[in-house]
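Since every read-out is calculated from the coordinates, none of them should be taken as a lab result. From a predicted model like this one, the values you see are computed outputs, not experimental measurements. Neighbour counts run over all protein chains shown; Cβ positions are idealised from the backbone, glycine included.
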Amino acid sequence: MIGPVRPSTGALSPLGVDQARLTGGFWAERQERNGTATIPHAHEWIERTGWLDNFRLAAAGELAPHRRRGREFSDSEIYKLAEAMAWEIGRGGDAPLDDLSMVVAAAQEPGGYLNTMFGRPGQRPRYSDLVWGHELYCYGHLIQAGVARLRTGFEDALTATAIRAADHVCAEFGAAGRQFLCGHPEIEMALVELYRATGTTRYLDQARLFIDRRGQATLPDIELGRAYFQDDIPIRERAAFAGHAVRALYLACGAVDLAVETGDDKLLAAVVRQWERTVAARTYLTGGMGSRHEGEAFGDDFELPTDRAYVETCAGVASVMLSWRLLLATGEPRFADLAERTLYNVVAASTSLDGRAFFYTNTLHQRVAGTPMDPSKPWPRASSSERAPWRDVSCCPTNVARMLASLGGYVATADSDGVQVHQYASAKVRAGETGLSIETGYPWRGDVTVRVTATSDRPWRLSLRVPGWAGEATLVTPQGTERVRSGYAGATRTWRIGDQVRLELPVGPRWTAPDQRIDAVRDCVAVERGPLVYCAESVDQDPAVPLDAVAADRSAPVVERPLPALGPDAVALDVPAAQLAVSANGWPYGSPGGSEPEASTLTLVPYHLWANRGPATMRVWLPQSRG
Ligand SMILES: [Zn+2]
């Protein structure tokens, strides 16, 4: 079996979802809950909303426009759920994918066309609205579901449907076909992955056509500008990711896939350059991307408002997908660093502790506590003060589900020298003749123990990532103990079964300051602990300490304590604080200075756990006390 993304070349080779299994701790718990709660929950909602019935009606020839339910892209949620189920089955779980696949397959039309929104009597004609209709976007998700099924060892109705759809796209949009593209990138990476899974080169050629067509002002100029769908500048010439964040990141994923398969080093370098600039100036502390509610878009450099942060969950998932591709292509740890930050502070934050409610936007500052969410009703908006059970636009839950189900595939890689561990979780890893057993209480504790469970009799290198946030760590190998710096550390030797390596990462709390060009948080501080960003949530505070008038005092130590309400291993932090003087005369401006701070304590909790205890206000960044 093979996991998500299988480049035919690159610095590192991925392992399959059955080669790297999560066995316990933070991510294993979430992966398990994904299989037992989130996937069934999403299945229930695509039935309840009628989105799956659209396929049944289409197959029966009864899908009149007034009977169709959901937005124009709702088909894609069925496909993303199918992909999640495929990975879940691949890792040894259980999911009713066969039933779902049969419903999807029955709705496909002769010639391979498949979309419940277009082409029937009374509906708009096929491909009459490529700008907003999402037909190719939906195919992309169908194809990715088919690839997940192929990679986990099956050829069935779903894989046949995906291949027929891809063949249809190549015939319809090939060099001699419609010279157009979809308003929402997605299909590009799906086609390259299908090429990798089948060896059929026309899928790769079609991906190249779509990537080269974008940026040529093919799509119309709209209120948000062509940057919204990345049709303003060719990706090869862009300086930073811009426009709709999910579209930009999906396109970048497709571009990396294409570059790797065609040996296009200039294209790969262009995406790396854009990633660098975006990380340097357009990314939140959480790893979240997308600063603007308007257009769900990246902002300008250093435009990173906290209370208006958009940070769509899907952009977090897409960013991890992109970082993973860049890591495989280059072997550079910075990509694994960002993936880690985003997994813990966007992907994990998006989902409630019971796995049945989801954030769409992931704000860094909630000013108003809001009202409790009704678990029986879909929420009509992207923004919400609590996680919602489902949304009219519900792209995020199924996106998280497919990532968590395949997460084992992101833990480790192999190359000709040995094995590299990138993300820390208790896991069993098998790469060729090499077997590893990893035990850790990460991210709560910093010790990671890796034991060799199988090995060849030739020397090989075991590499462990020392995260960028750590700066330094201690590495204990059979050859001795050493201080190691951020990057990859390890040992090369003729390993014996039972040999152990221990990495000790400094996960204690630390203060973090922003680049002063980020106006929204200038002079503020945040607290991180290991890979986790912390926040102040109102439910933990003295009611006399409102979160909009409190400052952190960095002169006194931060105190750790258990947080049993949010998990057996969870850690809360108590931070000395001072209350800020506030205006009292009905006008929120006046002479500078003159405040009289009152000492207090602020309790911080891991950001990914906030909003699990009822409506609350919350902030990540804190002003600093001058007292
Ligand atoms: Zn989404």
* **Hull-based mean projected area of region 144-231, where the convex hull spans the alpha carbons, in square nanometres** => 5.8 nm²
* In what order do 48, 356, 178 fall by count of nearby beta-carbon atoms within 10 Å, going from fewest to most? -> 178, 48, 356
* Structure fact -> Going fewest to most other Cβ atoms within 10 Å around each Cβ, 374, 354 line up as 374, 354
* Is the chain best put as rounded, prolate or oblate by its Cα gyration tensor, with a ≥ b ≥ c the root eigenvalues, rounded for a/c under 1.5, and otherwise prolate when a/b is larger than b/c, oblate when not? -> oblate
* Structure fact -> Heads up, region 552-627 by the C-alpha gyration tensor (a ≥ b ≥ c square roots of eigenvalues; a/c under 1.5 rounded, else a/b over b/c prolate, else oblate) looks oblate
* **the chain - mean residue ellipticity at 222 nm from DSSP helices (-39,500 (n - 2.57) per run, n ≥ 4, rounded to 500)** => -9500 deg cm²/dmol
* Asked: Which shape class, rounded, prolate or oblate, goes with region 392-449 when its Cα gyration tensor gives a ≥ b ≥ c as root eigenvalues, a/c under 1.5 marks rounded, and past that a/b bigger than b/c marks prolate?
  -> oblate
* Say the dipole of region 249-371 comes from +1 at the beta carbon of Lys and Arg and -1 at that of Asp and Glu; which of 352, 258, 315 then lies farthest toward its positive end? -> 352
* Asked: Among 224, 197, 207, which residue has its Cα positioned farthest towards the positive end of the charge dipole of region 192-245, with +1 placed on the Cβ of Lys and Arg, -1 on the Cβ of Asp and Glu, and the dipole taken about the Cα centre?
  -> 197
* Structure fact -> Residues meeting the amide H criterion for residue 17 (H placed from the backbone, H to H distance under 5 Å, 5 or more places apart or on another chain) are 2, 3
* Asked: Once Lys and Arg get +1 and Asp and Glu get -1 on their Cβ, which of 61, 331, 42 lies farthest toward the positive end of the dipole of the chain?
  -> 331
* Asked: Quick one: 223, 504, 261, fewest Cβ neighbours within 10 Å first, how do they rank?
  -> 223, 504, 261
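Give me the dipole magnitude in Debye, nearest 20, for the chain about the Cα centre, with unit charges on the beta carbon: positive for Lys and Arg, negative for Asp and Glu. Kindly include the intermediate steps, with their values, before the conclusion.
Numbers: 65 positive and 75 negative charges, 111 e Å.
Around 540 debye, computed over the chain.
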